[in-house]
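The values are calculated or read from the model by the stated rules, or taken from the named source; none is laboratory data. Keep in mind that what you see is a predicted model, and the values were worked out from it rather than measured. With ideal geometry, Cβ positions are generated from the backbone for all residues, glycine too; neighbour counts draw on all protein chains shown.
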Amino acid sequence: MIKAKNIYFRYEEKFILKNISLEIEEGSFTALIGANGSGKTTLAKHFNGLVVPDKGSVFVNGIDTKKDSLNARKNVGFVFQNFEDQMVYSVVEEDVGFGLENLEYSYDKLKSVVDETLKKLRIGHLAKVNVNALSQGQKQLVALAGVLAMNPKCIVFDEPTTNLDEKNKKNILDIIKYLNRKDKITIILVTNMLGELKYADEVIVLKSGSVIFNGKKSRLNKKIIKGAGLDD
Amino acid sequence: MIKKLYFGQYRHRETMLHSLDPRLKIIYVLVLSILAFLSKSMNDMIVFSSFILLCVLLAKIDVKTIIKGLRSFYFIFAFLFLMYLMFSPNQLRQGLVAIWRFLMFILISMILTFTTPISGLVTAIEKLSSPLKIFGIRPRNIATTVSIAIRFIPVMFVNFERMRESMISRLADFRKMNHIKLVVSLMLHKMLKSASNLSDAMYSRLYNEGIEINKILKLKEYDYVSIVFVALFILLIY
């Protein structure tokens, strides 16, 4: 699904990502974990072509993000950490339809996909509500609905549980798990919480812009976690 | 947070004003703003104010909400009035007329944003600005800029309030220039960060300035009635 080959990314004079090569299988649930400032979000943004590497290449279903980031993006949705800034329109159903407008859906088709997506996430009752009136948990679901409506094959969640209470954390993680298990959507969960690893099958550990572990969750050990600067 | 956001927020209601064609609403806003500017006699002002009040009632906008929404502008009203009082030869009357006009502009835009969802405004602005294509201007960019402003300006007010409270709780004094500078620079920093996040989010959802939104706008019976109604109102005043 996603293949990164020897990617380097530099911001000003500092390398944020250094020689990263990895592969994410279709249908997998991968956790991308690392301490703050380890380069997780920058790497995740490479997966949908928001950021392109200075050196090396990222391929999404064979599409080189440097050559055709738009088509790469159609395959990989991105739910941002700060979902407040992610909403373009002020009414829930309109915001969810923003991506579909860009995909040039007819109005009727757009409306039916939006309704269906809101229903799927059990937030149909919020369709006409102003996004500023939503709780944090609801905003997170609306942000997800906006991405899900576009029917991506893969979704990147950038620290989706930040600022959520325990109940909403569990809810969003259960939904993410459902999307992976039932809808077969490839999931990349960017996190710095070890507790969230229980949802993943594969784990990539980043430290100072380099991958220090990439493999099955069962192979992850305390030494690696400690080495990444994450508390056990 | 919504409790603090009274201005510029769409509220879903089943009213005639809500279902009017957004293109017409934008044109009415422009026409009414010009009329407000041209109104000088007391009679004109009373008729105009009554018309706006009628629109507020038709749109089922809670008067309390309007009063709360106007709070942010009290300072500007006072400032305007003082300026007229100090520098205008006809002082009091001119100052009051200026405040009335400003109030009407705010109420007219409030009615528009309360009764029109942003997608409606975007589609309408896009359709109305389509002649600009011949100058190489992309209508969708204009429409999206307006929609983002409407979506984020109230959020900025709330952010400003939060920042102000947090600074006051640490004994900031806004009579001091360096504290004012600090809050302005923090706000700018926050706004630029939000703009950067939003731009990333829009590109990740395939924002394409070249496309036209497929939503078809057609005038309905209500719209024709409203055209007659507004035309009669213009004739009544002039």
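List of remarks:
- Considering B:Val97, B:Val122, the condition of being in contact (Cβ under 8 Å) with a residue 40 or more places away in the chain, aliphatic (A, V, I, L, M) and more than 11 Å from chain A (Cβ to nearest Cβ) is satisfied by B:Val97 alone.
- Residue check for B:Ser226: more than 14 Å from every other protein chain (Cβ to nearest Cβ), small (Gly, Ala, Ser) and loosely packed, with under 15 Cβ neighbours inside 10 Å: no
- Unmet requirement for B:Gln9, which otherwise passes all of (1) over 16 Å from the mean Cα position of the chain (by Cα); (2) within 14 Å of chain A (Cβ to nearest Cβ); (3) surrounded by 18 or more Cβ atoms within 10 Å (Cβ to Cβ): (1)
- Filtered residues of segment A:18-37 (kept if under 16 Å from A:Ile188 (Cα atoms) and either within 14 Å of another protein chain (Cβ to nearest Cβ) or not hydrophobic (A, V, I, L, M, F, W, C) (or both)): A:Ser21, A:Glu23, A:Glu25, A:Glu26, A:Gly27, A:Ser28, A:Thr30, A:Gly34
- Residues of segment A:173-189 classified as farther than 20 Å from A:Gln138 by Cα and of a type outside the set (D, E, K, R), total: 5
- Meets criteria (in contact with an Asp or Glu (Cβ under 9 Å, 6 or more places away or on another chain) and buried (at least 18 other Cβ atoms within 10 Å of the Cβ)) for A:Ile2: yes
- Taking segment A:9-118 as the region of interest, the helices (runs of 4 or more DSSP H) fully inside it that hold 2 or more residues being polar (S, T, N, Q) are A:40-47, A:69-75.
- Residue identified as away from chain B (no Cβ under 12 Å) and surrounded by fewer than 22 Cβ atoms within 10 Å (Cβ to Cβ) among A:Asn61, A:Asn75, A:Asn71: A:Asn61
- Options A:Lys184, A:Lys207; residue that is loosely packed, with under 13 Cβ neighbours inside 10 Å and in contact (Cβ under 8 Å) with a residue 60 or more places away in the chain: A:Lys184
- Residue within segment B:168-181 that is closer than 29 Å to A:Leu134 by Cα and not assigned by TED's automatic domain parsing to the domain that holds B:Ile27 present: yes
- Of all residues in segment A:6-34, those being within 20 Å of the chain's Cα centre (by Cα) and either more than 23 Å from A:Leu230 (Cβ to Cβ) or surrounded by fewer than 16 Cβ atoms within 10 Å (Cβ to Cβ) (or both) number 5.
- Criterion: of a type in the set (Phe, Trp, Tyr), at pLDDT 85 or above, over 15 Å from the mean Cα position of the chain (by Cα) and assigned to a helix (DSSP H, G or I) - qualifying residue of B:Phe48, B:Phe102, B:Phe81, B:Phe77: B:Phe48
- Number of the exception - B:Thr144 against (1) under 30 Å from A:Leu134 (Cα atoms); (2) surrounded by fewer than 16 Cβ atoms within 10 Å (Cβ to Cβ): (2)
Yes/no matrix, rows are residues, columns are (1) surrounded by 18 or more Cβ atoms within 10 Å (Cβ to Cβ); (2) without any contact (Cβ under 8 Å) to a residue 24 or more places away in the chain; (3) not polar (S, T, N, Q):
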site	(1), (2), (3)
B:Leu20	yes, no, yes
B:Tyr28	yes, no, yes
B:Ser41	no, yes, no
B:Val63	no, yes, yes
B:Ile66	no, no, yes
B:Met86	no, yes, yes
B:Arg93	no, yes, yes
